[in-house]
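Values in this text are rule-based calculations from the coordinates and carry no lab data. Because the structure is a prediction, the values reported are computed rather than measured. Here Cβ is always computed from backbone atoms with ideal geometry, including for glycine, and neighbour counts include all displayed protein chains.
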Amino acid sequence: HFGSRATLGPLSPLSGEPYARAEAMASAPVSQLAKEQIDELACTYAALILHDDGAEVSATNMANLIKAANVQVEGYWPMLMAKMISTVGMPALIQMGSGA
């Protein structure tokens, strides 16, 4: 799971606590993931960040956040992810992902 292979990195300027730096996603290093998997992962993280911040989880907001992170994804990914989120809902998707 996320963080299972985390190491301590630099200190956060806000809290003074060390950042946890994940070396690998699950059991596969990011360098071994297919482009489609990386794109989906970037959209997933963008959606979670927007949801956690209370912002609208829209294709435009996800694309803007991904671009701000200097990540490039195929243009259809944010639209597909936003459509799924609007149909299913973030709380339901988060619950599915938690195994609950």
Filter the stretch 42-56 down to residues that are surrounded by fewer than 13 Cβ atoms within 10 Å (Cβ to Cβ) and either of a type in the set (A, V, I, L, M, F, W, C) or closer than 23 Å to Ser31 by Cα (or both), then give me how many there are.
-> 1
Counted residues in the stretch 57-82 being assigned to a helix (DSSP H, G or I), exposed (fewer than 13 other Cβ atoms within 10 Å of the Cβ) and touching a residue at least 12 places away in the same chain (Cβ under 8 Å) come to 1
